[in-house]
Every structure is written in C-alpha cells, then in structure tokens.
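Here's the structure, in structure tokens; my notes come after.
The values are calculated or read from the model by the stated rules, or taken from the named source; none is laboratory data. Small disclaimer: the values here were computed from a predicted structure and weren't measured. Here Cβ is always computed from backbone atoms with ideal geometry, including for glycine, and neighbour counts include all displayed protein chains.
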Amino acid sequence: MSKSTTTARGRGRQSTASAAKHRTGSRHPADRENISPRANASGSGNSSRSGNSTASSGPASSSRSREMQTTAGKGAESFSGDSHLEKFFLDQLKDIYYAEKKITQSLPKMRDAATTEELKDAFDDHLHQTERHIRRLEKAFDSIGQSAEGKKCEAIEGIAREVDNIIEETEERTLTRDAALIIAAQKVEHYEIATYGGLVQLAITMQLHEAADLLDKTLVEEEDTDARLTEIAENEINLRAEHEGGREQEEEGAEETGEEEEQNG
C-alpha cells in the first residue's frame, strides 16, 4: 500500500473518531459502553475498532454514565408522542425501518451481481446483519410503546434504483461493476450512519435509555460495515478496475486474436 493511501486512511480513522466524539461525548466509539451496562454486547466488530484506544474515564464520561444510569428504565411511560421532537423521532424510526426492509431486497441482487467472492461474502454478511437490525428496530419501537411500521424512504428508494442501473449498465464479471456496487452500498451505509447517529442523540436527549442502547449497537455495526467496504475497494478492486476496457486490455485482446488466427492458419 502506498504512503499516500496509508495517510489518507489514517485521516479517515481520525475523522471517524472525531464524529464519534461529537455523537457520544467520548473520545472513541468504544466509549459508547457508557450508554448502558448492555453496550458491551454490541458485537465483535466494535472490539476490533477499539483495540488501539483506551476508553475515556474523564469527568465528561463519568457524568454521562451517571446520567444514563439515572434514566435507566424510562421508555414507554415517558414517551407520549405529543411533542414536536417525539413526533420527529418516531417519524425517523419509521423511515429507517422502511429503509432496512428495502435494503434486504437489494442486497441479494448486489451479492449475485458482484464479481469477487470477497464482495459477495460482504453483501451476504450485511444481509444477515440487516435482518438483525430490523428486529432491533422492532424492539426500539416496543420500548417506547409504539407499533413497528415503516414510512416510505425516498432516499433508499433512489439508491435502490441506482443499484438496478449499475447492474444493468456494467459488464458482468468485471471489477468495475464491483467498484460501482461498493459506492452504492456505501451511500446506503452513510445514510444509515447519519440516521442512527441522530436518533441515538435524540433518544438520549429524551431519556429513552433502552431505545438509545439498541440504536447505538446498530450504529456501531453500520460503521464497521462501511469500513469493511472501503478496505475491500482499496486493497484490490479499484486498482484492477482501472485497467479494464483500456488500451492495454484492447491490445492484449488483439494479440490473443492474432495468435489464434496464426494457429488456425
């Protein structure tokens, strides 16, 4: 890997850590364990991300931990759905619930259309993960005394149409198709990260402890999936896709055709 690529990825990790600090009041995603005693159950992906960092034990972190402990148990009884913020929170829950279900329809198509086994596996893993996210959202709805239902998400509908166009317009068994599918998948991830990140903060603000915990676990997994897709793209797919359909490939094809003609002659 080139020095410039390593530097760029380093900046990306710093950016992620910075966003996590803004979202949780901690210095690192691992510090989200302060949201609740159950946060350590958020999955193995989170532990791999936190290996090079130590959880913050400063005053802000301790204060946040105490705040979440005092709000433990609040949920359905504290959510009336009458305030403007509660209505917006519920609206966004319905939006992401619809989006997750839509994603389960697109991922099998993306998996089957992908060229490399590594990307096929990533899409298949994300499909199972998304099914888990749907169940987690249903628990979040239940924690605030609401029935789980979706509201059409135009953003995800648009990305789903883009996926269909990519499959239709790119050649089969090419790395260019894989590169395009990764970009589409990361558009989904970034939408989900923005939505879940905002919902976690709103839940904390409204002292919806259980919902905040559930949503935060999914947020961590979405961030890990996004990082995995970036790694797959950077390690091989993008570099190999660069040479597809170019002059070098055309010349190689012409040489192979010439050799076949000589042999047949």
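Can you find a residue that is part of a loop (DSSP other than H, G, I, E, B) and under 27 Å from GLY81 (Cα atoms) anywhere in segment 137-144? There is at least one residue in segment 137-144 that is part of a loop (DSSP other than H, G, I, E, B) and under 27 Å from GLY81 (Cα atoms). Within segment 107-123, the set of residues being part of a loop (DSSP other than H, G, I, E, B) and surrounded by 21 or more Cβ atoms within 10 Å (Cβ to Cβ) comprises ALA114, THR115. Looking for something touching a Lys or Arg at 6+ places or on another chain (Cβ under 6 Å), closer than 25 Å to MET206 by Cβ and modelled with pLDDT under 95 - is there at least one such residue anywhere in segment 91-109? Checked segment 91-109: no residue is touching a Lys or Arg at 6+ places or on another chain (Cβ under 6 Å), closer than 25 Å to MET206 by Cβ and modelled with pLDDT under 95.
Could you tell me whether ILE204 is touching a residue at least 24 places away in the same chain (Cβ under 8 Å) and out of contact with any Asp or Glu (no Cβ under 9 Å at 6 or more places or on another chain)? It is false that ILE204 is touching a residue at least 24 places away in the same chain (Cβ under 8 Å) and out of contact with any Asp or Glu (no Cβ under 9 Å at 6 or more places or on another chain). Inside segment 135-161, can you point out the residues that are over 11 Å from LYS94 (Cα atoms) and in contact with a Lys or Arg (Cβ under 8 Å, 6 or more places away or on another chain)? Result: ARG136, ILE156, GLU157, ILE159, ALA160.
Filtered by the rule that a residue be among the charged types (D, E, K, R), exposed (fewer than 14 other Cβ atoms within 10 Å of the Cβ) and not in a helix (DSSP H, G or I), segment 145-172 gives GLU149, LYS152, GLU171, GLU172. Within segment 82-96, residues that are without any contact (Cβ under 8 Å) to a residue 60 or more places away in the chain reach partners that are of a type outside the set (Val, Ile, Thr) and not in a helix (DSSP H, G or I) with beta carbons closer than 8 Å, at six or more positions or on different chains, in the pairs LYS87/GLY81; LEU90/GLY81; LEU90/GLN146; LYS94/GLU149; LYS94/GLY150; LYS94/LYS151.
Only one of the numbered conditions (1) under 15 Å from ILE103 (Cβ atoms); (2) more than 19 Å from the chain's Cα centre (by Cα) is violated by ALA160, and that is (2).
Residue count for segment 196-219, restricted to those that are surrounded by fewer than 22 Cβ atoms within 10 Å (Cβ to Cβ) and part of a helix (DSSP H, G or I): 6. Checking the structure you have, find out if any residue of segment 231-244 is buried (at least 22 other Cβ atoms within 10 Å of the Cβ), farther than 25 Å from HIS133 by Cβ and not charged (D, E, K, R). Within segment 231-244, one or more residues are buried (at least 22 other Cβ atoms within 10 Å of the Cβ), farther than 25 Å from HIS133 by Cβ and not charged (D, E, K, R).
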